[in-house]
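Here, each number is a calculation from the coordinates, and none is a lab measurement. Note that the coordinates shown come from a computational prediction; the quantities given were computed from them, not determined experimentally. Cβ sites come from the backbone with ideal geometry, for glycine too, and all protein chains shown count toward neighbours.
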């Protein structure tokens, strides 16, 4: 089965982010991650939410910077950039104060918002 | 689709399924080798693992030489790479006994919120020290591990152990692929390079331990790729990424950061040289040579300047080694570095083969391209050759002319090997390509029995020889090289790794003590303790593994175990600690000393709190 066209459709849908639907989903997932981290503590829920969070934000980022690359390498770059962004924002917040559960959720919020804004900027650039 | 094409696609799918089954079997055998008490992975590896791995790697190489899609090949390589880098976290209960355990001890403090403002804490003695500490790679790694652990709701222990093996296994092959591609290699050569990176022992070792330096190496490899891209592109985005990856490399570890920025400056110098109107003029060549010397000097000088930021560092330039060591040892250090001390010829060969091969091929390529100055990738080859030389020279400077370095110079070999990998792949592919071209020319579209019948006997023999060379011999040789390299990558000699009963003991204390406590134990107990409760945790206090107070308290307890020493340990914590534990382990002390310490402690009236591992480990306690 050829999965590339299906993936491209999903990628297009997420990258269009109309009207901020996937940004909102990403922020809601961040809240779910927080609730799971503090109350439920289930690795299964954690893994599922982790995959959703990574999928959405990876697509935002790879769409901004590596649109012309092959699908596989685009995704790899997207994941790597997301890890870098999480690491950098996490590092900064940890240096400023600490990385407890609320501050960690703040990291997710900042990364989601940044990825979404960058994606928006790219979209506007392409339109104009 | 033609019948022959359909047949070859079917064969390819079968090979891929077979590969996946073998990979699963390899993982299973690795898990079956898991043990709670061993020194090296070689002591406990399942006897079927290495043969299975050899067959799996050879089969993967056969798939790599086929016409399969690059994406599929890369996915299989990533699976393979994760397998090759997961020996420590899968086999040992607490990963490799090394700095990675201390890093986990520090990360644990961030995860458990027992520290503010990063691992240095605030306020530190001076602003300079705070800046140095802030940019220490442990901070970035602690932040990343904590974020992943919280996202997945998994304890930091497991996330930390698998962080680098998984990231390395995923991203280093991709970086190797991209770097080879940026050098003009075609997809097959690039794919080959992404697997061959596992044939180099130093990178394999660093990909298997979760330390900040390993993270830095990953970012360095990507910065190198963007530097190569920058040489042939004027796209500002490429330049941004080149700088961004160098910065991240620095954030992950100062060594990788400094090397990244050195090579970045060199790349800019090469780019400016390339854009000169008269690149062959003496001025342009001189400016390139000066840039090269500057880049060479950056790493050694940075160690010297580190003293101005933190007086604890005391690196100096010295000629002491030339006065103290015999000439043959100096020569050995110059040629093969640390390998000169007691390593067997097999290990030496495995460590230097790839890079020597790459150096020779680089020289050959540069010589070949010398006549043709318009060749597209000439500047890329020259840049990488210069980078390779920088690493070789810096290593010798650090090894022979410097003292008091805060790290082991052998780490530089990872940079050397990263630069070497694409050249090794290109060289191997240069050998394979003519065989493939010949086979293609002889048999449109593939060789069949009927087409063989039309050829003369000598030609049939030739075709069969070439076919078996391509599909059996070369994959077997390369597969053997990669498998055999693991014997140099994973140590053959090591102290007893953290045992299951040491981990259980520190967990038991943590779970069953409500009050603040301190633990007196040997360095191995401290490693186990800091992994579970963190280093210098005021609630559950373990002295750092290099803390002289902890060492002297343990020595005192071995000599004369008494409540007074335990009270002294409580007072050393700086908090209102009311319980002290003393841990002794038989394999660490030796049977005689262990028995003597246990009986002395009992005679002195300290009660046994618990025993673990069939009484191989005793915990004594004292409460105020």
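Here, the protein assembly as shown has an Rg and a Dmax of 28.0, 95 Å when only alpha carbons are counted. The shape of chain A comes out prolate: with a ≥ b ≥ c from the C-alpha gyration tensor, a/c is at least 1.5 and a/b beats b/c. Put the Cα centre of region A:19-56 next to the Cα centre of region B:145-159 and the gap is 14 Å.
Going from the fewest other Cβ atoms within 10 Å to the most, the residues B:271, A:68, B:10, B:436 appear in the order A:68, B:10, B:436, B:271.
Between residue B:615 and residue B:113, the FRET efficiency from the beta-carbon distance, with R0 = 45 Å, is close to 0.75.
In whole percent, what relative contact order does region B:229-280 give with Cα contacts below 8 Å and a gap of six or more residues? Intermediate values should be presented prior to the final figure.
On the way: 27 pairs, mean separation 16.9, N = 52.
RCO, region B:229-280: 33 percent.
Treating r as the C-beta distance of residue B:608 and residue B:155 and R0 as 30 Å, the FRET efficiency rounds to 0.55.
From other protein chains only, count the Cβ atoms within 10 Å of every residue's Cβ in B:135-146, then give the mean.
Neighbouring Cβ atoms belonging to other protein chains average 4 per residue here.
How much mean residue ellipticity at 222 nm does the protein assembly as shown get from its helices, if each DSSP H run of length 4 or more adds -39500 (n - 2.57) and you divide by all residues, to the nearest 500 deg cm²/dmol? Mind showing how you got there, number by number?
Numbers: 34 runs with 533 residues, N = 752.
That comes out to -23500 deg cm²/dmol.
Reported to the nearest whole Å, the Cα centre-to-centre distance from region B:474-505 to region B:335-364 is 20.
Shape call for region B:340-437 from the C-alpha gyration tensor, a ≥ b ≥ c root eigenvalues: rounded (a/c under 1.5), prolate (a/b greater than b/c) or oblate? Intermediate values should be presented prior to the final figure.
On the way: a/c = 3.13, a/b = 1.59, b/c = 1.97.
Judged from the Cα gyration tensor, region B:340-437 comes out oblate (a/c at least 1.5, b/c at or above a/b).
Report note on the peptides B:300-309, B:529-538, B:105-114: ranked by the mean count of other C-beta atoms within 10 Å, highest first, their order is B:529-538, B:105-114, B:300-309. For the protein assembly as shown, the share of DSSP beta bridges that are antiparallel, to the nearest 5, is 65%. On the basis of the beta-carbon distance and an R0 of 30 Å, residue B:75 and residue B:235 show a calculated FRET efficiency of 0.60. When each of the peptides B:519-528, A:71-80 is scored by the mean number of other C-beta atoms lying within 10 Å of its residues, the order from highest to lowest reads B:519-528, A:71-80.
Stretching residue B:20 away from residue B:436 to a fully extended chain increases their span by 147.2 nm, per 0.36 nm per residue minus the current alpha-carbon distance.
Convert 4 °C to kelvin, take the viscosity as 1.567 mPa s, use the Kirkwood radius over C-alpha pairs of region B:3-427 as Rh, and evaluate the Stokes-Einstein diffusion coefficient in µm²/s, rounded to a whole number.
Details: Rh = 23.2 Å.
It comes out at roughly 56 µm²/s.
By other beta-carbon atoms within 10 Å, ranking B:499, B:315, B:71 with the fewest at the front produces B:71, B:315, B:499.
Between the helical axis of B:236-252 and the longest alpha-carbon principal axis of chain B there is an angle of about 30 degrees. Extending 7 Å from Cα along the Cβ direction at residue B:514 and again at residue B:360 yields two label points whose distance is 7.2 nm. In this label model, residue B:467 and residue A:9 are separated by 4.2 nm, measuring between points 7 Å along each Cα→Cβ vector.
Which shape class, rounded, prolate or oblate, goes with region B:500-623 when its Cα gyration tensor gives a ≥ b ≥ c as root eigenvalues, a/c under 1.5 marks rounded, and past that a/b bigger than b/c marks prolate? Rounded, since a/c falls under 1.5. Annotation: the antiparallel percentage among DSSP beta bridges lying fully within region B:500-623 is about 60.
With an 8 Å Cα cut-off and a minimum separation of 6 or more residues, compute the relative contact order for region B:11-148 in percent.
Details: 103 pairs, mean separation 31.0, N = 138.
Reported as a whole number, the value is 22 percent.
Restricting to chain B, compute how many DSSP beta bridges are antiparallel as a %, nearest 5. Of the beta bridges lying entirely in chain B, close to 65 percent run antiparallel.
Rounded to the nearest 10 degrees, what's the angle between the helix B:474-489 long axis and the longest principal axis of chain B, both from Cα atoms, 0 to 90? Between helix and principal axis, roughly 20 degrees. For chain B, the relative contact order comes to 17 percent (Cα pairs under 8 Å, sequence separation of at least 6). With the simple spin-label model, which puts each label point 7 Å out from Cα in the Cβ direction, the residue B:286 to residue B:560 separation comes to 7.4 nm. Relative to the longest principal axis of the Cα atoms of chain B, the long axis of helix B:3-32 lies at roughly 20 degrees.
Between the alpha-carbon centres of region B:218-290 and region B:388-441 there is a gap of 18 Å. Protection proxy ranking for B:30-38, B:189-197, using the average of other Cβ atoms within 10 Å per residue and placing the highest first: B:189-197, B:30-38.
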